[in-house]
Amino acid sequence: MDTPDPSRSRFPVDPRNAVRPRGRAFTLIELLVVVAIISILAGLLLPALGQAKAKGSRTRCLSNLRQLTLCWILYADDNQDRLIGNLELTDPSNPSGRNSWITGDLVRNPADATNDALLSAGLLFRYNQVVAIYRCPSDTARVFLAGRRFPRNRSYSMNCMMNGRNHSPTTHRVNVRAEEIRYPGPSEAFVFLDENERSIDDGHFGLNAEGNAWVNNWPASWHSVGANISFADGHAEAWRWLDPRTSRIARQGEAHPGSRDLIRLQQAVSIPSR
């Protein structure tokens, strides 16, 4: 009779349940190396992701400006070439902002910054009834109301020389009709732009076409230290500021002698009529 082999069981063991030898665990040094590699990769990828997000916001902003400018062009087409109104709310001839492309004042009445009805009350709204195109996605400024902070619903303003008020000497002219946009021409005369959160009030971007100071309003700097601007021919551009003072404007009337940014924008507002 054969002697039973004690290594053999009457009840076979499922190999899936067999006890396997324990694998070698990470050492502390190996774990630290892995963490360091992940940190390096994150450091390389995060700036790229941030740049991609900023580029996407800039592209959406340019699209907004092109849509607003197309509405502006359509209004002139529907009104015998006359440009849409762009009067300040403080103008005695236009006390309520009626007959203007936009209504509301984000400085005199901060609640206007969240009131979409003021956007729809503007004469431009009928041509594209989308509130979102009035706000730049890179505009992170907030208005404080009732103990809470809310995003503003508008980031853009219109060139004062486009049927607005002349802030310049009599050598410059306000364009009242589309055919009058010759100084400069449509491809160089700006219509809308990103306005700085400390400057934006009504929809009227006031700038003296001469001198060395930001007399009334000034542009934003949230697009890679620059702003987006649309032109009377319908195209839009991203302008990067060349003078470091432009991104640090804090108050109305700041003088920036020799500023290439100020000169460039003044030339897009108006040049002396010939």
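The values are calculated or read from the model by the stated rules, or taken from the named source; none is laboratory data. These figures come from a predicted structure and were not determined experimentally. We place every Cβ from the backbone using ideal geometry, glycine too, and count neighbours over all the protein chains shown.
The residues of segment 145-164 that are surrounded by 15 or more Cβ atoms within 10 Å (Cβ to Cβ) and either in contact with a strand residue (DSSP E or B) (Cβ under 7 Å, 6 or more places away or on another chain) or free of Cβ contacts under 8 Å to residues at least 12 places away in the same chain (or both), listed by number, are R152, S155, Y156, S157, M158, N159, C160, M161, M162, N163, G164. Of all residues assigned to segment 139-149, none qualifies as being within 17 Å of F231 (Cβ to Cβ) and more than 21 Å from the chain's Cα centre (by Cα). You will find that of G185, G203, the residue that is within 18 Å of A232 (Cα to Cα) and free of Cβ contacts under 8 Å to residues at least 60 places away in the same chain is G185 and no other. I'd like to check something: does segment 209-216 contain any residue that is under 24 Å from L87 (Cβ atoms), at pLDDT below 95, in contact with a Phe, Trp or Tyr (Cβ under 9 Å, 6 or more places away or on another chain) and in a loop (DSSP other than H, G, I, E, B)? Checked against the condition, which is being under 24 Å from L87 (Cβ atoms), at pLDDT below 95, in contact with a Phe, Trp or Tyr (Cβ under 9 Å, 6 or more places away or on another chain) and in a loop (DSSP other than H, G, I, E, B), segment 209-216 yields at least one hit. Within segment 173-198, track down each residue that is outside any strand (DSSP E or B) and under 17 Å from L87 (Cα atoms). The answer is R173, V174, V176, A178.
Applying a threshold of 9 Å to beta carbon distances and a minimum spacing of six or more residues, or different chains, the list of pairs starting in segment 217-232 at a residue that is closer than 26 Å to E179 by Cα and ending at one that is acidic (D, E) and surrounded by fewer than 24 Cβ atoms within 10 Å (Cβ to Cβ) reads N228/E237; I229/E237; S230/E237; F231/E188; F231/E237; A232/E188.
Only one entry in P21, P4, P12, P92 is modelled with pLDDT under 65, out of contact with any Leu (no Cβ under 9 Å at 6 or more places or on another chain), within 30 Å of L123 (Cα to Cα) and surrounded by fewer than 10 Cβ atoms within 10 Å (Cβ to Cβ), namely P92. Selection of segment 139-164 for residues being part of a loop (DSSP other than H, G, I, E, B) and out of contact with any Asp or Glu (no Cβ under 8 Å at 6 or more places or on another chain) yields T140, A146, G147, R154, C160, M161, N163.
Any residue at all in segment 263-274 that is under 25 Å from D81 (Cβ atoms), out of contact with any strand residue (DSSP E or B) (no Cβ under 9 Å at 6 or more places or on another chain) and not in a loop (DSSP other than H, G, I, E, B)? The answer is yes, given that some residue of segment 263-274 is under 25 Å from D81 (Cβ atoms), out of contact with any strand residue (DSSP E or B) (no Cβ under 9 Å at 6 or more places or on another chain) and not in a loop (DSSP other than H, G, I, E, B).
Quick check on segment 246-257. Is at least one of its residues in contact (Cβ under 8 Å) with a residue 40 or more places away in the chain, acidic (D, E) and more than 26 Å from R108 (Cβ to Cβ)? No, because not a single residue in segment 246-257 is in contact (Cβ under 8 Å) with a residue 40 or more places away in the chain, acidic (D, E) and more than 26 Å from R108 (Cβ to Cβ).
From the list N196, N175, N216, N228, the one residue that fits, being in contact with a Gly (Cβ under 7 Å, 6 or more places away or on another chain) and among the polar types (S, T, N, Q), is N216.
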